[in-house]
1. Residues to consider are Arg60, Arg41, Arg34; find the one that is modelled with pLDDT of 60 or more, over 26 Å from Asp138 (Cβ atoms) and of a type in the set (Lys, Arg).
2. Quick one: Met19 ticks every box in (1) surrounded by 10 or more Cβ atoms within 10 Å (Cβ to Cβ); (2) over 13 Å from the mean Cα position of the chain (by Cα); (3) modelled with pLDDT of 90 or more bar one, so which box is it?
3. Can you find even one residue in segment 100-112 that is surrounded by 14 or more Cβ atoms within 10 Å (Cβ to Cβ), under 19 Å from Lys169 (Cα atoms) and among the aliphatic types (A, V, I, L, M)?
4. Please find, among Gly143, Gly125, the residue that is among the small types (Gly, Ala, Ser) and farther than 22 Å from His85 by Cβ.
5. Among the candidates Asp92, Asp100, which residue alone is farther than 21 Å from Glu49 by Cα and charged (D, E, K, R)?
6. Within segment 160-169, identify whether any single residue is in contact with a Ser or Thr (Cβ under 8 Å, 6 or more places away or on another chain) and either more than 28 Å from Lys78 (Cα to Cα) or buried (at least 18 other Cβ atoms within 10 Å of the Cβ) (or both), and answer yes or no.
7. Which one of these is over 24 Å from Ala58 (Cα atoms), surrounded by 20 or more Cβ atoms within 10 Å (Cβ to Cβ) and of a type outside the set (A, V, I, L, M): Gly91, Gly147?
8. In segment 145-178, what residues are over 16 Å from Ala118 (Cα atoms) and in contact (Cβ under 8 Å) with a residue 60 or more places away in the chain?
Amino acid sequence: MRWRSYQYWILAVLLLCGMTGAVKSQQRDQRNQRDASSHLRPQHREAVEQWLVSRKLALRMATVADCSNKEGLAITRKERGKGYHPYYVVGDFNGDRKEDFAIALVNPRKRKERFAVAIFNGPMGKQSTPAFFEEGWDLSDGGLFDGGGGVMAGPFESDNCVILRPRAKRYVVKDCIEG
């Protein structure tokens, strides 16, 4: 009879440890998601999060960990400042004197071309939707940049890029060489 009570005691301890591990894992995941968006301005983070939820998109915000070109990122940060984030850029892209922002998102279900790019025109509101959204990008060795009248996207230290230029209330994709 004693052996049976020890078995129950061991089972209870194992279950408790397992639940504690699951709770810690969930807390770590929540902390990582907060850290992933900590570089965003609060109103931008809120706009992206609400838009993703409303569209039921299985995307997450891209993080520095998604960048495979660490050397290129380091060089770009020397040129643009330590605060440069490869997957988030703020500026007046459409010339209306209001703050716009572009963000890269990641589809964790994909292995190739897993990035998506969204550009939100200002001002931000609770129901903001992107003026541009497109999936199927490969930004693993580059990022987003303020292109002076648009958003540049492509590899670090390369002319192999595109520029997203405003046209009316939307954006069109152009080769960087064409402008």
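1. Result: Arg41 is the single residue among Arg60, Arg41, Arg34 that is modelled with pLDDT of 60 or more, over 26 Å from Asp138 (Cβ atoms) and of a type in the set (Lys, Arg).
2. (3)
3. Yes, segment 100-112 contains a residue that is surrounded by 14 or more Cβ atoms within 10 Å (Cβ to Cβ), under 19 Å from Lys169 (Cα atoms) and among the aliphatic types (A, V, I, L, M).
4. Gly125
5. Asp92
6. No, because not a single residue in segment 160-169 is in contact with a Ser or Thr (Cβ under 8 Å, 6 or more places away or on another chain) and either more than 28 Å from Lys78 (Cα to Cα) or buried (at least 18 other Cβ atoms within 10 Å of the Cβ) (or both).
7. Gly147
8. Passing the criteria: Pro155, Phe156, Glu157.
The values are calculated or read from the model by the stated rules, or taken from the named source; none is laboratory data. Everything numeric here is computed off the predicted structure, so don't read it as measured data. All Cβ positions, glycine included, derive from the backbone under ideal geometry; neighbour counts span all protein chains shown.
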